[in-house]
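Below is one structure, written out as C-alpha cells; comments come after it.
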2 protein chains.
Amino acid sequence: MKNKYLVIYQELVEQIEDGEYKVDELLPSENELKETFDTSRETIRKALNLLSQNGYIQKVRGKGSVVITRNKFDFPVSGLVSFKELSEKLDQNAETVVHDLTLTNPSRHLQHQLQVTKDQEIWRVVRARHLAGESVILDKDFLIKEHVPHLTEDICKDSIYTYLEGELGLKISFAKKEITVEEPTLEDKELLDFEGFHNIVVIKNYVYLDDATLFQYTESRHRPDRFRFVDFARRHQS
Amino acid sequence: MKNKYLVIYQELVEQIEDGEYKVDELLPSENELKETFDTSRETIRKALNLLSQNGYIQKVRGKGSVVITRNKFDFPVSGLVSFKELSEKLDQNAETVVHDLTLTNPSRHLQHQLQVTKDQEIWRVVRARHLAGESVILDKDFLIKEHVPHLTEDICKDSIYTYLEGELGLKISFAKKEITVEEPTLEDKELLDFEGFHNIVVIKNYVYLDDATLFQYTESRHRPDRFRFVDFARRHQS
DNA sequence: AAGTGGTCTAGACCACCCG
DNA sequence: GGGTGGTCTAGACCACTTT
C-alpha cells in the first residue's frame, strides 16, 4: 500500500464491482473524491485515468465519470496473460505437457526475432496445453539464457512467468503481439488434437523487461475453436 | 495546435521517426525537455507518457527514456482503424462494393448487441472490400438511426467513419473488440473470393461515442490470409 | 451561474541508477 | 552525490454541460 492513486483506483474498482456504482451512473465528482480521499485533484485524476484505461468508466466533459459495461465475457486475454492465469479464469481441467526443453544456438530466424548473435545460448521450450482432455494450444518459447540461467521441466509445467517474476525477480514490462491465421505445420498436427481443423491461429509475442531489453520470443499456436481475443481500444488524439 | 503536451508529443514523434533519436538511445531528460519547450515538468511527462503508450519509448527509472523499436510491420491495426486508412497504409488497389444499405428493425440478437428496443430503427450496411482485385473482407455495420439520420451509397463506398466524424461531428471515443475464428457462412462464400479457405476471422466491434453511448456494432469478416492484428500491451500495476 | 472535467504551473520529496 | 524518473500538492484558468 504505497501509491495513493493506486489505492484509490483499487478502492473504486472494488466499489464498482460490488455494484455500489451501477452502469450508466456517475461517480462522485473529482472535487468530491478529492475531499473523501483527502488528497489533491491531480492524484484523483490519475486514479480515474486508470479506471478509464481499464474500461471501468468513461469521462465526459462537463458531466462526470460514467460507469460503463464491462462485457460479461471480458476475461483479459488482452494484454499479457499466461496460460496458467487463463486456465484458472476459464476454470477448466488444464494440463501442460512439456515436449521439449533444451539449450540451443539460435537459428538465423531466431537471431533476427530476438536480436541476438549466433553464439548466445537460447532456451527452447515446447509445451502442449490440454483443456478438457484435448491438446489445443502449442506454446513455443525461446528465452535468452543470459537472463534465465536455470529452467526445469517442473517450472515449465507450472508457469514460466510465475518463476521469472517470482523467483528470479525479473520485471516484465510490455509485449508486442502479432496475430495471424496460418496453415498447420506437421508439428502442430503431431502435438495437437487437430481433428479436421484446417487453420491454426498463431500469436507471436515479443516480451520486454523493465529496462527495455528484449528477452523472450514466444509463439502460441491455438486450435481455432479455442481461440478468442478481447481488446479494448481507446481513441486517442490524431 | 492547442494542447501543449500534444504539440510536444507530435514534435518528439517526428524527431524519432526522422531518426534524430535512434533505437536504444536516450531522449533528453525531463528537466532538459522542460527547458527546451519552456513548460512545466508535468506537461513534459504527459507527452512522454503518450510516447510510451504508443510504443515509441520505454521509461527507465534513474536512467531516462529509451527509444524502442517499432516493428517494421507495425501498422496500427491495433486500435480503431477504418478500411480506408488501412488500405492507404498498405498502398494497394482498394475498392469497396456496397451489397446492402437498408433501414430495418433490429433482430433479437442485434437488440442485445446494441442495447436497443425492437422499435428503434437501425441501418444495416454490408460491404465487400476488394484488395488487389480479390474480395477478401466482408464488413457488416449496424448503426443506430437516432445518431445517423442519413446514409448514402457514396458515403459507404468511401468511409463511414470519415463521414461520421467529419460531416456529423460525432466523436468516437473507444471500441471493444472481440476476435474469433469461425466457419464461413453462405453469405461469406457468396460475397468473398473464398477459393478453398476453410475458416474466416471474425472481428466484432462495439463502438462508443464520446458521451459513453453505444452507437454501432460491426462485424468485419476477413479471409484468413488477409488478416493480421498487431497489439502493443503494456504491463500495468496489479 | 454553478459545477464538471481538461490543462498547465512551480515546487517538493522520493527511489533508483551510475560514476 | 548528482541526475533521472515517479509521485504528490495547491492553485489557476479554460471549455463544456446543466439548471
Item to check | Failed item, numbered, when residue B:167 is tested on (1) charged (D, E, K, R); (2) surrounded by fewer than 18 Cβ atoms within 10 Å (Cβ to Cβ); (3) within 14 Å of another protein chain (Cβ to nearest Cβ) | outcome: (3)
Checklist outcome for this item: Out of (1) basic (Lys, Arg); (2) within 15 Å of residue B:201 (Cβ to Cβ); (3) facing chain B (nearest Cβ under 8 Å), the one residue A:176 does not meet is (2)
Next on the checklist: Just to be sure before I move on: is residue B:188 more than 16 Å from DNA strand C (Cβ to nearest atom), farther than 26 Å from residue B:108 by Cα and in contact (Cβ under 8 Å) with a residue 40 or more places away in the chain in the structure I sent?
Outcome noted: no
Next on the checklist: Against the definition (buried (at least 16 other Cβ atoms within 10 Å of the Cβ) and not aliphatic (A, V, I, L, M)), how does residue A:216 come out, yes or no?
Outcome noted: yes
Checklist entry - What pairs can you find where one residue is in the stretch A:3-30 and outside the structural domain of residue A:56 (by TED's automatic domain parsing) and free of Cβ contacts under 8 Å to residues at least 24 places away in the same chain, the other is away from DNA strand D (no atom under 16 Å from the Cβ) and in a loop (DSSP other than H, G, I, E, B), and their Cβ atoms are less than 7 Å apart, with a gap of 6+ or different chains? => result none
Item to check | Complete set of residues in the stretch A:16-53 that are within 14 Å of chain B (Cβ to nearest Cβ), surrounded by fewer than 16 Cβ atoms within 10 Å (Cβ to Cβ) and over 29 Å from residue B:177 (Cβ atoms) | outcome: A:40, A:41, A:42
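The values are calculated or read from the model by the stated rules, or taken from the named source; none is laboratory data. Computed from a predicted structure; not experimentally measured. Cβ sites come from the backbone with ideal geometry, for glycine too, and all protein chains shown count toward neighbours.
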